[in-house]
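To start, the structure under review is shown below, and the notes come after it.
The values are calculated or read from the model by the stated rules, or taken from the named source; none is laboratory data. A quick note: this is a predicted structure, and the numbers were derived from the prediction, not measured. All Cβ positions, glycine included, derive from the backbone under ideal geometry; neighbour counts span all protein chains shown.
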Amino acid sequence: MIWPGIIFTDRLVLRRPVAADAAALLEEYGQDQAVVRYLTWRPHASVRDTLEFLAKTQAAWDAGSDLAWALTLRGDDRLIGMIGLRARDFKHDIGYVLARRYWGRGLMSEAARTIVDLALSDPLCHRVWAVCDADNRASARVMEKAGMSFEGVLHRWIVHPNISSDPRDVLCYARVRSSHPERSEGSLASR
């Protein structure tokens, strides 16, 4: 599937991140302990860390292995978060981050639903899934609002280094394509 480099939602523009986003990423959330608490990476120490991250993000997109979109508000091109999609065979997973000052507005749910719908429009994709730390209820709510269903707890699944060096439990959510295309949740034609 050819993935779009730019996507419009009601309130957001999702676009490929660029090196010029480094300052906004660092200022908006890259160093914010509250934002990175449940993420798999430590806060960025400098703009150099952020530039290296963005270079890896661009290389992964170019290789077709991992896709990431910068989230911006319509009418303002400043990065406020990111959402990623890792397309793996018939199952794709997502991950996301949003600057704290934009929490509680439904923006990430809007972006996540859009990416989940997009992933399920890929003829090869039958499952979109994601996990969040068992204590991260806000992220679980994002997945629910994106149409994903709770599947269970994966014990000692991932290390969140900003909390502990030990693997932590996560909540697993997914949305699957129906085996009956005419009733498919993921079918864009059914919306």
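Some values worked out for this structure:
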{"item": "Residues located in the range 7-23, provided they are crowded, with 20+ Cβ neighbours inside 10 Å and either more than 11 Å from Met82 (Cβ to Cβ) or out of contact with any strand residue (DSSP E or B) (no Cβ under 6 Å at 6 or more places or on another chain) (or both)", "result": "Leu12, Ala22"}
{"item": "Number of the condition not met by Ile94 [criteria: (1) farther than 30 Å from Ser165 by Cα; (2) not in a helix (DSSP H, G or I)]", "result": "(1)"}
{"item": "Whichever residue in the range 54-74 is assigned to a strand (DSSP E or B) and of a type in the set (A, V, I, L, M) and, among such residues, is farthest from Ser121 (Cα to Cα)", "result": "Leu73"}
{"item": "Segments classed as strands (runs of 3 or more DSSP E), wholly inside the range 103-179, with at least 2 members that are without any contact (Cβ under 8 Å) to a residue 24 or more places away in the chain", "result": "149-159"}
{"item": "Which numbered condition Thr57 fails, given (1) touching a Phe, Trp or Tyr at 6+ places or on another chain (Cβ under 9 Å); (2) within 20 Å of Ile115 (Cβ to Cβ)", "result": "(1)"}
{"item": "Residue match in the range 75-88 (condition: assigned to a helix (DSSP H, G or I) and in contact with a Phe, Trp or Tyr (Cβ under 7 Å, 6 or more places away or on another chain))", "result": "no"}
{"item": "Condition check for Val170: buried (at least 17 other Cβ atoms within 10 Å of the Cβ), in contact with a His (Cβ under 6 Å, 6 or more places away or on another chain) and β-branched (Val, Ile, Thr)", "result": "no"}
{"item": "Complete set of residues in the range 25-53 that are in a helix (DSSP H, G or I) and farther than 24 Å from Val131 by Cβ", "result": "Leu26, Glu27, Val47, Arg48, Asp49, Thr50, Leu51, Glu52"}
{"item": "Test: Asp10 is in contact with a Leu (Cβ under 8 Å, 6 or more places away or on another chain) and not small (Gly, Ala, Ser)", "result": "no"}
{"item": "Verdict on Arg156 being closer than 28 Å to Gln31 by Cα and either at pLDDT 95 or above or touching a Cys at 6+ places or on another chain (Cβ under 6 Å) (or both)", "result": "yes"}
{"item": "Any hit, the range 105-125, residues being among the acidic types (Asp, Glu), at pLDDT 95 or above and closer than 25 Å to Pro4 by Cβ", "result": "yes"}
